[in-house]
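As C-alpha cells, the structure follows; a few thoughts come after it.
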Amino acid sequence: MTDVTTTTGLDDLWPLLRRHTQARIGLGRSGPALPTRHRLGLQSAHAAARDAVHSPFEPDTVTAGLPGVPTVRVRSAAGDRLTYLQRPDLGRRLDPVDRAHLPAGDWDVVFVVADGLSSRAVHEHAAAMVRATTARLPDWRLAPVVLAEQARVALGDDIAHAMGAALVVVLIGERPGMSAADSLGAYLTYRPVPGVTTDADRNCLSNIRPPRGLAYETAAGKLAGLMGRARELGRTGVELKDESDHGEMTDRIL
C-alpha cells in the first residue's frame, strides 16, 4: 500500500482527511493560537450549541409536519428550562395534571417527541422520523403522538406506563456538540416501569440528521426492525441487537 505522505505534502493531506470526518483536524496555527477563521468557527459552533439547548420547544412546528395524526401535549415536572437543566430527575417525571389527560388504551406503541437538549433537532427531524417509521407499521395499534416539553428520555417510561403502551419510542434532541447542534436520537423501550427501567433496557439510534447524519429512511428501517424483534422477544436493551447491516457487513468480509 502506498504511503500517502510520500506522494503528497502534509498541507494537501489534511483536506483529504477532513472529507471523512466532521472533527476539527489539521487546522494549523497562527503563532501559538488557531488561525482566526477556525477560532471564529469554534465560537460559532459553541453559540449554535447554546442556542439549541435554550431555544423553546414549539409543538406546533412538529404537528405541522404530522397532518391528520392525533397528538397530545404534556410537560415534565420541571416547570421551566432552568429547573430542567439543574434537576434532571424532574425531567423524567410527568406533570401530574398532564398525566391525567393521557388516553389509556391497548396500544402497541406510543411515539414521544421530546425537546431534550436540542429543540432545533426535534423541529427539523422528528415529524419526518414519525412518518417514515409509522409507514412501516401498518398493523400496529398506534397511540396518539405525545409532544413532551422539558423532557428527558425516561419521561417516556412514565408516559407509556400511564397509557398502557407495550413499547415507547422517544424521539429526542440530543446534547449538542461542537460539530452538530441538530442531532436527533431515538430510544426504544419495551414495557418500561418508571423508576425501575434503566438505560440498559433501551435501544438507541443516534445522530439522525440528514444529510450529514443518519437518513430518515435508514433510521426508520432500523427502528421498525428493532420494534418487530422487541415484540417477538418481549424485551429491549442489551439483549436486542440491530442486525439490519449484518448481511451487508458479511458480504464485505467475504
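The values are calculated or read from the model by the stated rules, or taken from the named source; none is laboratory data. These figures come from a predicted structure and were not determined experimentally. We place every Cβ from the backbone using ideal geometry, glycine too, and count neighbours over all the protein chains shown. When the accessible area is computed, the model is the full protein with side chains, heavy atoms only, and any ligands, DNA or RNA have been set aside. Shrake-Rupley method; radii C 1.70, N 1.55, O 1.52, S 1.80 Å.
The region of the chain that goes longest without hitting one of the GluC sites (Glu not before Pro) in a DSSP loop, each with at most 16 other Cβ atoms within 10 Å, is 1-238.
Subtracting the Cα-Cα distance of His38 and Ser179 from their residue separation scaled by 0.36 nm leaves 49.5 nm. State the antiparallel share, in %, of DSSP beta bridges confined to the chain, rounding to the nearest 5. So the antiparallel bridges in the chain amount to around 45 percent. Per residue, the accessible area of segment 62-109 comes to 56 Å² when a 1.4 Å probe rolls over the protein heavy atoms. Database remark: amide H of Leu147 closer than 5 angstrom to the amide H of Val72, Arg73, Val74, Val113 (H placed geometrically; neighbours at sequence offset of 5 or more, or on other chains; Pro and chain starts carry no H).
Using per-residue counts of other Cβ atoms within 10 Å, averaged over each peptide, order 110-118, 28-36 from highest down. Intermediate values should be presented prior to the final figure.
On the way: 110-118: 28.0, 28-36: 9.9.
So the peptides 110-118, 28-36, ranked by packing, come out 110-118, 28-36.
Return the tail of the calculated pair distribution for segment 1-125, meaning the percent of Cα-Cα pairs more than 26 Å apart. For segment 1-125, the fraction of Cα-Cα distances above 26 Å is 50 percent. Across all directions, the average flat footprint of the convex hull enclosing the Cα atoms of segment 79-166 is 5.7 nm².
Kindly state, to the nearest 0.05, the FRET efficiency for Asp139 paired with Thr218, given R0 = 30 Å and r defined as their beta-carbon distance. Display every interim value, and only then the final one.
Numbers: r = 22 Å, r/R0 = 0.74.
That gives a FRET efficiency of 0.85.
A convex hull fitted to the Cα coordinates of the chain yields 162 cubic angstrom per residue.
Using the Kirkwood radius over C-alpha pairs as Rh, can you work out the diffusion coefficient of segment 42-115 via Stokes-Einstein at 37 °C, viscosity 0.692 mPa s, in µm² per second? If you can, show how the numbers build up before the last one.
Details: Rh = 14.7 Å.
Rounded to a whole number, D works out at 224 µm²/s.
Computed from Cα atoms alone, the Kirkwood hydrodynamic radius reported for segment 73-124 is 12.4 Å. A full extension of the chain between Asp106 and Thr61 corresponds to an added length of 13.4 nm, given 0.36 nm per residue minus the alpha carbon distance. The apolar share of the surface of the chain, taken as the fraction of accessible area on carbon and sulfur atoms (1.4 Å probe, ligands and nucleic acids excluded), comes to 52 percent.
Which of the peptides 41-47, 74-80 is most tightly packed, and how do the rest follow, judged by the mean count of other Cβ atoms within 10 Å per residue? All intermediate terms of the calculation are to be shown ahead of the outcome.
Numbers: 41-47: 12.9, 74-80: 19.1.
Sorting 41-47, 74-80 by mean packing, highest first, produces 74-80, 41-47.
Restricting to DSSP H runs of at least four residues, report the calculated mean residue ellipticity at 222 nm for the chain, -39500 (n - 2.57) per run over all residues, nearest 500 deg cm²/dmol. Mind dumping the intermediate values first?
Values: 10 runs with 99 residues, N = 254.
Helix contribution divided over all residues of the chain: -11500 deg cm²/dmol.
What do you get for Rg/Rh of segment 130-206 when both radii come from the Cα atoms and Rh is the Kirkwood radius?
With Rg and the Kirkwood Rh in hand, the quotient comes to 0.97.
Going by accessible surface with a 1.4 Å probe and the largest first, Asp158, Asp139 read Asp139, Asp158. Judged by the mean number of other Cβ atoms found within 10 Å, the most tightly packed of the peptides 91-99, 140-148 leads the ranking 140-148, 91-99.
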